[in-house]
Structure formats: structure tokens, C-alpha cells
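Taking it in order: structure first as C-alpha cells, then the write-up.
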Amino acid sequence: MHRFLLSGLLAAGLTVGGVAPVLADDEVVVYSSRQEHLIKPLFDRFTEQTGIRVRYVTDNAGPLMARLRSEGRNTPADVFMTVDAGNLWQAAEHNLLAELDSELLQDAIPAHLRDPDNRWFGLSVRARTVVYSPERVDADELPGSYEDLADERWHGRLCLRTSQSVYNQSLIATMIARNGADDTEETVRGWVSNLATQPFSNDTSAMEAVAAGQCDIALVNSYYFGRLLNQNPDVPLDIHWVGQDGDGVHVNISGAGITRHAKRPEAARQLLEWLAGEEAQSLFGALNMEYPAREDITPEERVASWGTFRADQTNLSEAGRLQTQAVMLMDRAGFR
Ligand code: FE
């Protein structure tokens, strides 16, 4: 199939080469908030298989979106790639992304992991769940829901990342979508009163605090646990899927969309569709210990060893739509 694509492309090049537009579709430019080591192996394989070169710029999501806005029609970027649906939603809201009508992507990517208006698509999945000390947390007291972490039995035992993190903002936004603002605020107040210490600036520090005995349980993205295990397979921590008795565990994505002013929309479409293919989906997992967005692809071995979970099916556009409300709610609840 890949040979077919390649020869098709070559044939097209031969046919239209003489009257090609200024920017040929033999390359594609990506603005990515994903770090180089997580994307380059994928782009290299894509180039090998299609002949389309990938140029990319990496930075944080905020600066890349600001750049797309200020460049407007003159942007060289064809694809915007970032983590968290909250960020992708912002990009779409600021009219930075174009609709992409791709049957392939709609078939491959589950509906809750992509924009209902087809401006962005999830390509990998991470679950935001608890990592805990099996020495200090009994199996029968593990939280069945995010709300359970507000219970006073966790008093002085909980570690969290700050509310500045888009990961927490998206989690709270989807909780608002499911349970309403009042119940969610009560939950967050309970979390805050259970904190063992000030919120951390990143998920890894929160897990390290559990390992060090500063707290017993932390709320983190699954791949950070994988990275920690890769560094130290003996770390005295375990992972547990929250929400399995209720709405499912909160999942988020890394994903991408075609920019509003893409000069090579066809090459951009090919890249996005390739990233939803079997090989790329498997590679994603291996590179960052995440889950493939496609449900028919097996995760990396260590990730697979954590077992399967039921994911919350709330469409991730809610994470963007309710983001501002989530930020204000966390502020009211004293979550810093
Ligand atoms: Fe992260």
C-alpha cells in the first residue's frame, strides 16, 4: 500500500511537474509543541514511505499559536501538532485550523477523541489517573472515582500538580461537563483540603513525592509513570484506573490539525492520515509510553502490562469549551 502511495505520488509529480504551484507537495511544514525526539522518528518513516519531507519547528503550544496568529496567511506551517485537547480547541477557536474531511481519520479515530467539526484529531491517548504507594494504600481503599479523592480518608495523603497545568484544567472541565460545576467545585475543595503539600509544577515530582513518602497518592498522566519506570523499574509505586465504576478514566490526547492557511493541504492530509495508520500508531506508544488513539492497535509492552481501562467518552472539545470555567472554579476552590 505504501509502495502504491509512493508510485502514485511520483506519477502525479511527473504529470503536473511543469505546472506545479509555487509550493510543491513534496514537503510539509509542522509547528509542533511535541519535542523533537517524540516526532522525528515518525516523520522520518513518513518521508521514507511517501517521499514527502517534513520540516518542523518545536516550541510550547502558546508561542506556536501566537506565531500562527501573527503570521496569518503568510504562515509556512501546514500542520499544527500539540498535546491536550484544551490546546487544540484553543487553536480551532482562534480560527487557526481548517476543517479536514477525511473518511480515513473519521473511521480510525474514535469520535470522542476528535473535533466534531473535524479541525483536529487525537493521535495518541493518555489517561489522567492515580499513581500510589502499594505499601501505604490498601487495594480496597483505592479511589473508584475522582470524587473519592475528596474523601477525608485521604487527608494529608494527596499530591497534585498545580492548577496552572492544562492537564488539570481539562480534567476539571470534563468533570464539569459530567457532574456540573457545583459538585465539581465541592470535589476540588476536598482535594485541596487533603493535600499533603503544595501542588507540584509537574507530574513526575508529584510521583516522586509519593515514592519518598511525602504523600500516598498522586493524580498524573499515565506516560509519566511509564517514563519513571523506564528510569527506575523498582520505583515503589503502582497505577490504578480511576472511574471504572462510573464514567471511566479521564483521557486526553496529543493531536494535530491542518492550519487554516496551509500551502500544502494535500501533503498535510497525507501526514495526518499516515499518523493514524498502523505503524505510526504503534510507534507513538513506544516513543512516549502513551496509548494509540486507535482502539485496534496494541500499546507498548510495559503500557499494556497496566491492563485495560474504560475511558470517559465525553467529547474532548468539552475540555476546551469549559476551560475558562474550570480555571475559575479551581481558583474559587483554593487550588493553586
Ligand atoms: Fe506531558
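Just so it is clear, none of the values below were taken in a lab; they were calculated from the coordinates. Owing to the predicted nature of the structure, the values given are computational and were not obtained by experimental measurement. Heads up, the Cβs are rebuilt from the backbone with ideal geometry, glycines too, and the neighbour counts pull from every protein chain shown.
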Beta bridge orientation in the chain: antiparallel %, DSSP, nearest 5: 65 percent
Principal-axis tilt of helix 61-71 within the chain, Cα atoms, nearest 10 degrees: 30 degrees
Folded to 0 to 90 degrees: helix 278-288 orientation relative to the chain principal axis, Cα: 50 degrees
Taking Tyr291, Tyr223 and counting other C-beta atoms within 10 Å, the order from fewest to most: Tyr223, Tyr291
Contact order normalised by residue count of the chain, Cα under 8 Å, 6+ apart, percent: 28 percent
Magnitude of the charge dipole, the stretch 199-336, Cβ model with Lys/Arg +1 and Asp/Glu -1, debye to 20: 720 debye
Packing-based ranking, highest mean first, of 132-141, 248-257, 326-335, 262-271 given that Cβ atoms within 10 Å are counted: 248-257, 262-271, 326-335, 132-141
Simple label model, 7 Å out from Cα along Cβ direction - Arg136 to Gln106, nm: 5.1 nm
Relative contact order (%) - criterion: Cα under 8 Å, at least six apart; region: the stretch 232-336: 26 percent
Residues Thr298, Thr129, Thr308 arranged by fewest to most Cβ contacts within 10 Å: Thr308, Thr298, Thr129
Estimated 222 nm signal from helices in the chain, with DSSP H stretches of n ≥ 4 weighted -39500 (n - 2.57), rounded to 500: -12500 deg cm²/dmol
Helix axis angle, 265-275 relative to the chain longest principal axis, alpha carbon, degrees: 50 degrees
Anisotropy class of the chain from Cα gyration tensor, a/c 1.5 cut: prolate
Net length gained if the chain between Gln325 and Asn202 were fully extended (0.36 nm per residue, minus Cα distance): 42.1 nm
Total charge dipole magnitude, the chain, about the Cα centre, Cβ charges on Lys, Arg, Asp, Glu only, Debye to nearest 20: 1240 debye
Test item: Cα-centred dipole of the stretch 111-171, Lys/Arg +1 and Asp/Glu -1 on Cβ, debye: 440 debye
Qualifying trypsin sites (Lys or Arg not before Pro) in the stretch 38-72, DSSP loop, other Cβ atoms within 10 Å at most 15: none
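Within a 10 angstrom radius of the beta carbon, how do Ile176, Ile258 rank from fewest other beta carbons to most?
The order, fewest Cβ neighbours first, is Ile176, Ile258.
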Chain lengthening between Arg302 and Arg55 when straightened (0.36 nm per residue, less Cα-Cα): 85.8 nm
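Report the relative contact order of the stretch 68-182, percent, no decimals, based on alpha-carbon pairs under 8 angstrom and at least 6 residues apart.
Here the relative contact order equals 24 percent.
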Anisotropy class of the stretch 209-313 from Cα gyration tensor, a/c 1.5 cut: prolate
